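Engineer: Input: one structure, supplied below.
The values are calculated or read from the model by the stated rules, or taken from the named source; none is laboratory data. The shown structure was predicted, so the numbers you read here are calculated from the model rather than taken from an experiment. Please note: Cβ atoms are built from the backbone with ideal geometry, for glycine as well, and neighbour counts cover all protein chains shown.
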Amino acid sequence: MTAATSLITLIALPFLGSVIAAFLPSNARNREAWVAGALALGALAIVISLHSAVADGGVVRLQLPWVPLLGLEFSLRMDGFAWMFALLITGIGFLVVLYARYYMSPEDPVPRFFSFLLAFMGAMLGVVLSGNLIQLAFFWELTSLFSFLLIGYWHHTGAARDGARMALIITGTGGLALLGGILVLGHIVGSYELDVVLAAGDAIRAHPLYLPALLLILLGAFTKSAQFPFQFWLPDAMAAPTPVSAYLHSATMVKAGVFLLARLWPVLSGTQEWFWLVTAAGLSTLVLGAYLAMFQQDLKGLLAYSTISHLGLITLLLGMNTPIAAVAGIFHIMNHATFKASLFMAAGIIDHETGTRDMRRLRGLRKALPITATLAIVASAAMAGVPLMNGFLSKEMFYTEALHTTTPFPLLGELLTYAAVVWGIFSVIYSLRFIHGVFFGPPADDLPREPHEPPRWMRFPIELLVLACLLVGVIPGRTIEPYLHTAVQGVLGEATPEYSLAVWHGFTLPLMMSLGAMFGGIALYATLRRFLLNRVDGPPLVRLVGRRIFERTLVFLSWRLARPLEARLFTWRLQRQLLIMVVVTLLVATAVLWGTDFSLPPIDWSAISPGLALVWLAGMACAIGAAYMAKFHRLAALILLGGAGLATCVTFVWFSAPDLALTQLMVEIATTVLLLLGLRWLPRRIKDARSTVRERSRRLRDLVIACVAGGGLGGLAFLVMTRPLPDSIARFFVERAYSEGGGTNIVNVILVDFRGFDTFGEITVLGIVALTVYALLRRFRPAPESIQRPKQQRLAAAHDDAHAARPRGDSIPQHMLVPSVIMRLMFPAAGALAIYLFLRGHNMPGGGFVGGLTLAIAIILQYMTGGTRWFEARWRINAVRWIALGLLCAAATGLGSWLFGHPFLTSHTRYIEIPLLGALPFASALLFDVGVFLLVVGATALLLLALAHQSIRSHRGQGVPAPTVSRKEKS
Amino acid sequence: MTHLPILPVILPGLAGIILLLLTYASVSLRRALNLIATALMVVLGIVLVGVTVDNGYQVYELGNWPSPFGIVLVLDRLSAFMVLLTALVAFCSLLFAVQGFDERGKNFHPLFQLQLMGLSIAFLTGDIFNLFVAFEVLLIASYGLLLHGGGRQRVRAGLHYVIINLVGSSLFLLAVGLIYGVTGTLNMADLAVRAGDVAPTDLPLLRTGALLLFLVFAVKGALVPLYFWLPGAYSTAGAPVAALFAIMTKVGAYAIVRIYFLVFGGTAVVAPIESLLLPAALITLTLGMVGVMITPNLKRLVSYMVIGSMGTLLIAVGLFNEASLSAGLYYLAHGTVVVSALFLLAGLISQQRGRARDHLTPAQAVAQPGLLGVLFFALAVAAIGLPPLSGFLGKVSILASATDSEAIGWVWAVVLVTSVFTLVGFSRAGSVLFWKTSGAPSEPVKATTGHIVPIVGLLGLMVVMTIWGQAVLEFTDAAAAQLADRDAYIEAVMNTPRALEAQALELTMEETP
């Protein structure tokens, strides 16, 4: 296996394992652990095998094209630094898997656990091995997602849910900021490839966009590494199962932030901005975390705040702008990972064995858990920075740097030194609490469970890690030095400074500080022990508000603010929606026309015929009246609407547009009648006599807006119609209608030929409208007050009842006898008229639409005068089929032209010799028009049927026979 | 003579008519026919995309009337892309619908196909009035589909939907009238020519027409402040219908691209829109995602997601440059697919939660927590724009394409901050739906494989779009380049063989009086 293929295997293994684990049965705790452990071990082996390739500043690369257009390669890159991280991730990952095998209870859904854990491991490896910054952000967000799932693993508890969500929101947000920062960086450099970016440090630092890029990237790093003021998510993430905490808070997740800081150290550091921002965040986190850790009563809480504090230390070291401090930072990353992982595992064992993590209840565990106690004591000593432990070495380096740092403000240097010592004291105190408080003293007798040593292999990971702490602490030169050197070279390259990891430097000032902090810590612990033990959970003096603000904000957003805001931003009210629409239209139109110098053309009042003017006045009055009456007097409004329509109709006639007039007339008739039939089912609206001032002013506002909008519309129409005609495509239609379209009625030729495709679409619309109305009315249940029969029918029924000789339901047909006979006689004539109008359409006013409407109106009249049952007993129109056939006819005509090699809807005209009649012009468009005809009849009939069947349905079961016409026999 | 450009219209049209004729035939026959027709539509979409990869335009002159006098259909990369996307989303939602939803009312199958026909016409037509007709077809068909299944909520939301959109249609007609009155043409390419040399005195009028038309598209595309109709309509529609509707808002965006990027692009007409679109899109994105964050209902959450993703898409369009348009098209596909899948999933979740339905309140656990949970998680990840799904690439490409714009600060800030809003919204929804549960369901309602397959299919599409992101982006790049080249479009549409013939005839007629 070449180094490059090793890299991709390394990334793929955990994800593969994640998928496998997800599909294992939920009770197979051992099998899952085996799979996960084997894969983690395999990954670890690969990492170890790659050491030689990166040992002397070497870099292993693998590039696969992914989306080059975005500057995105799938690019893996391992240098010494990435190698070190990969080692931590896989190594501690393996130990955590082993530990979790014993820790997790058989009742827990273990496949999910191992699946998430391995996926998280893969994502983390992706972060450290990415050779492309966008890809890094990609994996970065994946770690946020999988950590969310891991923290929320025990989602039946509220703490886990809230902790997981908070972690996701904080770190996910940081990830988005990071993405922004990376995009800026890419914009500066011109590439997202890490190699290119790392080589462009000077250009980046000098660029005007440096600061925004830095801020965004730091936001990403600080949120992930729980730096002040984003530290609050980390303690809540302790709701996760302990193996998860051990993994997330030692070697992975939170280390991603400092990883990024170190990764980009060569290009971003060295400026004042970097120094101030990073040092400030690191320093405040360092002190704050340690301070808060002292006051925790929960073992894991203590470790969580200690983690925050140590991350602050690493951040601080990276912020100091000196290579040697960076070395210390990198060194501390490794040290912290080892001792913190082991401490979390030890805390887990204590929790597992005693059933509690509360330090107020735990004491004297040394007796029950001797081995675990020893291990935890050693690890805590490393955390406190006791000599001969690995933590001591990096702490010494920190102290040295704190003393030597050069800042523009000498005061700051001093502050740093004092802060370092104070931090040392706090660390000693909380480490002592862990050691002395938990393991020493008289054994507790009120524990939920009787503690025993855990299984051999559950302890093994801790043993291994503690051994590492010791070996590194005692003989750093033999153990860690070459590896640290590899890692440091990966970051600093040629700028790698001289440094020494010796345990003994002589009696130096840093050593004095260390010893001072240690004894100070012990003394203070002795004094404060009782005070600390008897407190409630949480620190005095400092009350952290970050988390509170976060929670309050969420609650506020999702409860308090949500409803009013949603109602306001996304109103349900139609009236408001329409108002906004009209106002926006008005504003937009006004904005465009504002300031442009053109006015309405002068109106020649004398040219207006008084007759037409009168018609228009009447039409306008009708329209306004219809709007005025619409709310409470629907019938009146409808009649007035008909008046307005008629005025339009007359106007068309006036300006010699008989086709339009005819169509308009037919449409007016059909719609008015259908609406009238529908009106019967609407509930009555009661006018409220009292109208408030507010209501009246609202109506006035609406009136004004309506007038302005209508006036504007009229003005625009007038403007367009009075300007000279442009050279338009209409000329073509006029010229070719007869010569090529075969018809002298240009309107009809346009409809069925020039723009037949539009007509095809519009008849489809008509058909769908009818289908939809039918479907809608089929489910319509009228208001109770509308169900009662109309007054006339009730009177007739009463009349029938009063006369014993008259069967009930006899009167109505008699009343309707004369009109129904006339209509029946008229029906053939109306049908003939329809066909006539249809046939002549190509040359004279008429056509399929008008013809269809004529026939439809004839049918409506039959229904109205004869009654639904009477008519349907004779002719049951399958209206849906008419619609379908109409569409089919139109479409088939269009497709027919394919046979002749012409596009869809190409028409053909020729004279056809018909016996008796002679040569007649025939256009294939006529067939298309047949489709229109059929569809219009079908659609109108379907609307009619919907209404007619409504009245039959509603009266059924009322004990009153519907107005059936049993006249047939009598007449 | 190739009839390729009209096939996407003919196929669903005929299928719709036949399904209408078969109203009383057996359910399985109608389902099979519809599925076959929609599957063919997918194949056709792939063919169209394949054809347009290398070729320029295919112009189809309906009725054999020469352009610009008759109606033309113009097949280019953008229209092929849209047709394919429509077909894919339609196929998935149909698969879901045939699990029983289609039988909850009449006419589902014909309406479904006619809706597809309307969409195809909208994407292919090169005629502005024909675009109006297409809008009518899809509006009415969608209204019918929206009401499918019945219920008080649906009827009410449907009424609002249809009224608002009919007002929009009137506005459309008015705008087309204005534009025709000034330019004397309806053909888009001809319009492009004439808009280029419109007299200064006519400019305000033409601009008014163009702006009114823009408002219509803004209504369709749910641009602020004309998005009100959307949450009600989408959240009450049946799951597969809402899933299909995901493409409907995109028609508005498509039309904006077609008319203002291509037809009026670069002319003085488009200036007011150039200054209007970006701010409106930024506000739309913000408000949409605020909605996602605060709403107490899953389906409404997804509806707000639709608004938000329209905002993102229109930001890309509103930057008015080729690179961002390409990024926008990629995001368009992603946004449509993810929202579709979310609507389907929301339907399933709502079914399994008893009386709580899709309200984000603690309730009984869903019957299939693992399956639905994984799907929800994956879709939420995609919707927020987190890796590893296509939302991440979409967002990255839009952000990267904004680097040369003056508005980069705004664009970046809004896109990134609103991502946080969605993160908050989805994590809240997910933890309430899947984690904050009280007990197992009393009568478990389980989703069938047929319900799950379409959701997984849509997820698969996003995976494909991520892994083969390069190929997709190459295509959208090419589509954007084609849209940026107005002259080629005009040349292709105005100088078809038939049109040249007609021009020659015109000349000879002028010479021989």
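Engineer: Quick one: residue A:711 ticks every box in (1) part of a helix (DSSP H, G or I); (2) more than 30 Å from residue A:587 (Cα to Cα); (3) of a type in the set (Gly, Ala, Ser) bar one, so which box is it?
Structural biologist: Going through (1) part of a helix (DSSP H, G or I); (2) more than 30 Å from residue A:587 (Cα to Cα); (3) of a type in the set (Gly, Ala, Ser) one by one, residue A:711 breaks only (2).
Engineer: Only one residue in A:736, A:701, A:731 is in a helix (DSSP H, G or I), among the charged types (D, E, K, R) and more than 10 Å from every other protein chain (Cβ to nearest Cβ), so which one is that?
Structural biologist: A:701
Engineer: While we're on this one: Among what's in region A:491-508 and is of a type in the set (A, V, I, L, M) and surrounded by 13 or more Cβ atoms within 10 Å (Cβ to Cβ), pick the residue that is farthest from the chain's Cα centre (by Cα).
Structural biologist: A:503
Engineer: Further, regarding this structure: Specify which of the listed residues (B:339, B:302, B:317, B:290) is more than 25 Å from residue B:477 (Cβ to Cβ) and within 18 Å of the chain's Cα centre (by Cα).
Structural biologist: B:302
Engineer: Continuing with this model, one more query. Residues to consider are A:39, A:62; find the one that is away from chain B (no Cβ under 14 Å), under 35 Å from the mean Cα position of the chain (by Cα) and either in a loop (DSSP other than H, G, I, E, B) or more than 21 Å from residue A:345 (Cβ to Cβ) (or both).
Structural biologist: A:62
Engineer: If I ask for residues that are hydrophobic (A, V, I, L, M, F, W, C), under 41 Å from the mean Cα position of the chain (by Cα), assigned to a helix (DSSP H, G or I) and within 19 Å of residue A:279 (Cα to Cα), which ones from region A:302-330 would you list?
Structural biologist: Of everything in region A:302-330, those that are hydrophobic (A, V, I, L, M, F, W, C), under 41 Å from the mean Cα position of the chain (by Cα), assigned to a helix (DSSP H, G or I) and within 19 Å of residue A:279 (Cα to Cα) turn out to be A:308, A:311, A:313, A:314, A:316, A:317, A:318, A:326, A:330.
Engineer: Just one of the numbered conditions (1) closer than 30 Å to residue A:922 by Cβ; (2) touching a helix residue (DSSP H, G or I) at 6+ places or on another chain (Cβ under 7 Å); (3) at the interface with chain B (Cβ under 9 Å from one of its Cβ atoms); (4) at pLDDT below 85 is not true of residue A:726; which one?
Structural biologist: The number of the failed condition is (1).
Engineer: Separate question: Being facing chain A (nearest Cβ under 9 Å) and not in a loop (DSSP other than H, G, I, E, B) is the filter here, so list the residues in region B:433-442 that pass it.
Structural biologist: B:434, B:435, B:437
Engineer: I would also like to ask the following. Within region A:582-608, which residues are within 7 Å of another protein chain (Cβ to nearest Cβ) and assigned to a loop (DSSP other than H, G, I, E, B)?
Structural biologist: Scanning region A:582-608 gives A:596, A:598.
Engineer: Residue check: is residue A:101 touching a helix residue (DSSP H, G or I) at 6+ places or on another chain (Cβ under 7 Å) and outside any helix (DSSP H, G or I)?
Structural biologist: no
Engineer: Which residue is nearest to the other protein chains (Cβ to nearest Cβ), if the candidates are limited to region B:5-39 and must be farther than 20 Å from residue B:145 by Cβ and surrounded by 17 or more Cβ atoms within 10 Å (Cβ to Cβ)?
Structural biologist: Selected residue: B:6.
Engineer: Based on this model, can you work out whether residue A:718 counts as among the aromatic types (Phe, Trp, Tyr) and within 14 Å of chain B (Cβ to nearest Cβ)?
Structural biologist: For residue A:718, the condition - among the aromatic types (Phe, Trp, Tyr) and within 14 Å of chain B (Cβ to nearest Cβ) - is met.
Engineer: Still on this structure, I have one more. Output yes when any residue across region A:67-90 is free of Cβ contacts under 8 Å to residues at least 12 places away in the same chain and part of a strand (DSSP E or B), and no when none is.
Structural biologist: yes
Engineer: In region A:435-445, is there at least one residue being aliphatic (A, V, I, L, M) and modelled with pLDDT of 80 or more?
Structural biologist: yes
Engineer: Answer with yes or no whether residue A:213 is part of a helix (DSSP H, G or I), facing chain B (nearest Cβ under 10 Å) and not β-branched (Val, Ile, Thr).
Structural biologist: So residue A:213 does not fit the description; no.
Engineer: Name the residues in region A:249-267 that are closer than 23 Å to residue A:184 by Cα, of a type outside the set (Phe, Trp, Tyr) and crowded, with 24+ Cβ neighbours inside 10 Å, would you?
Structural biologist: Across region A:249-267, the qualifying residues are A:256, A:257, A:258, A:260, A:261, A:262, A:263, A:264.
Engineer: Could you tell me which residue of region B:351-376 is surrounded by the most Cβ atoms within 10 Å (Cβ to Cβ), considering only residues that are part of a helix (DSSP H, G or I) and free of Cβ contacts under 8 Å to residues at least 60 places away in the same chain?
Structural biologist: B:376
Engineer: Would you pick out the residues in region B:377-400 that are at the interface with chain A (Cβ under 9 Å from one of its Cβ atoms), surrounded by fewer than 24 Cβ atoms within 10 Å (Cβ to Cβ) and either more than 25 Å from residue B:480 (Cα to Cα) or of a type in the set (Ser, Thr, Tyr) (or both)?
Structural biologist: B:377, B:381, B:388
Engineer: Of the residues A:533, A:524, A:541, only one is more than 29 Å from the chain's Cα centre (by Cα), surrounded by 12 or more Cβ atoms within 10 Å (Cβ to Cβ), at pLDDT below 75 and away from chain B (no Cβ under 11 Å); which?
Structural biologist: Going through A:533, A:524, A:541 in turn, the sole match is A:533.
Engineer: Residue pairs, Cβ under 9 Å, 6 or more apart or interchain, first in region A:558-581 and more than 8 Å from chain B (Cβ to nearest Cβ), second surrounded by fewer than 16 Cβ atoms within 10 Å (Cβ to Cβ) and assigned to a helix (DSSP H, G or I). List them.
Structural biologist: As it stands, the answer is A:575/A:702; A:579/A:701; A:579/A:702; A:579/A:705, since those pairs meet every condition given.
Engineer: Return the only residue of A:798, A:856, A:802, A:829 being crowded, with 18+ Cβ neighbours inside 10 Å, more than 30 Å from residue B:73 (Cβ to Cβ), away from chain B (no Cβ under 14 Å) and out of contact with any Phe, Trp or Tyr (no Cβ under 6 Å at 6 or more places or on another chain).
Structural biologist: A:856
Engineer: Just to be sure, is residue B:445 in a helix (DSSP H, G or I) and either surrounded by fewer than 18 Cβ atoms within 10 Å (Cβ to Cβ) or more than 9 Å from chain A (Cβ to nearest Cβ) (or both)?
Structural biologist: no
Engineer: Report yes if residue A:583 is in contact with a Lys or Arg (Cβ under 9 Å, 6 or more places away or on another chain) and at negative phi, otherwise no.
Structural biologist: No: the conditions fail for residue A:583.
Engineer: How many residues are within 20 Å of residue A:935 (Cα to Cα) and within 10 Å of chain B (Cβ to nearest Cβ) when one looks only at region A:874-906?
Structural biologist: Total meeting the criteria: 17.
Engineer: Now for a separate question. Looking at (1) in contact with a helix residue (DSSP H, G or I) (Cβ under 6 Å, 6 or more places away or on another chain); (2) assigned to a helix (DSSP H, G or I); (3) farther than 28 Å from residue B:59 by Cα; (4) more than 7 Å from chain A (Cβ to nearest Cβ), which is the only condition residue B:209 fails?
Structural biologist: For residue B:209, the exception is condition (3).
Engineer: Looking only at residues in region B:160-197 that are outside any helix (DSSP H, G or I) and surrounded by fewer than 20 Cβ atoms within 10 Å (Cβ to Cβ), which one is farthest from the other protein chains (Cβ to nearest Cβ)?
Structural biologist: B:197
Engineer: What single numbered condition from (1) of a type in the set (Phe, Trp, Tyr); (2) facing another protein chain (nearest Cβ under 8 Å); (3) within 18 Å of residue B:430 (Cα to Cα) fails to hold for residue B:412?
Structural biologist: Result: residue B:412 fails condition (3) only.
Engineer: Regarding region A:367-374, can at least one residue be identified that is outside any helix (DSSP H, G or I) and aliphatic (A, V, I, L, M)?
Structural biologist: For region A:367-374, residues outside any helix (DSSP H, G or I) and aliphatic (A, V, I, L, M): present.
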